[in-house]
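This report concerns only the one structure given below.
Nothing in this text is a laboratory measurement; each read-out follows from the coordinates by a stated rule. Keep in mind it's a predicted model, so treat the numbers as computed, not measured. Every residue, glycine as well, gets a Cβ built from its backbone with ideal geometry; the counts of neighbours run over all protein chains shown.
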């Protein structure tokens with residue numbers, strides 16, 4: 001599997017430790033939303049492949065990919081909440 005450009009951008013933002021201004025925060029939220037959407041679509045495809053249960057090697061590969069994407073999705077969701085993208089200010 002090739003790394004997706006949005007994932008690379010997401011990890012760059014996560015690991016650089018930038019403190020964005022409010023306009024940058026909105027852009028970050030939009031970026032994280034796109035990452036979550038792309039991961040969700042990919043996870044859905046892999047679930048379908050697993051459910052169809054065709055070739056065992058393909059199912060095994062889809063299962064490994066789904067496991068990795070699930071971890072990435074959880075991390076992205078955590079970053080989404082941490083960036084207060086849900087509109088609620090936590091104190």
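Largest first, the extents of the alpha carbon coordinates of region 24-82 on the three principal axes equal 45, 14, 12 Å. Net length available on complete extension from residue 47 to residue 67 is 6.2 nm, with 0.36 nm assigned per residue and the Cα-Cα distance removed. Each Cα pair under 8 Å and six or more residues apart adds its separation to the average, and for region 24-82 the resulting relative contact order is 44 percent. At an R0 of 25 angstrom, the distance between the Cβ atoms of residue 37 and residue 57 translates into a FRET efficiency of 0.30. Each residue in 78, 45 was given a count of other beta-carbon atoms within 10 angstrom of its own, and listing them fewest first yields 78, 45.
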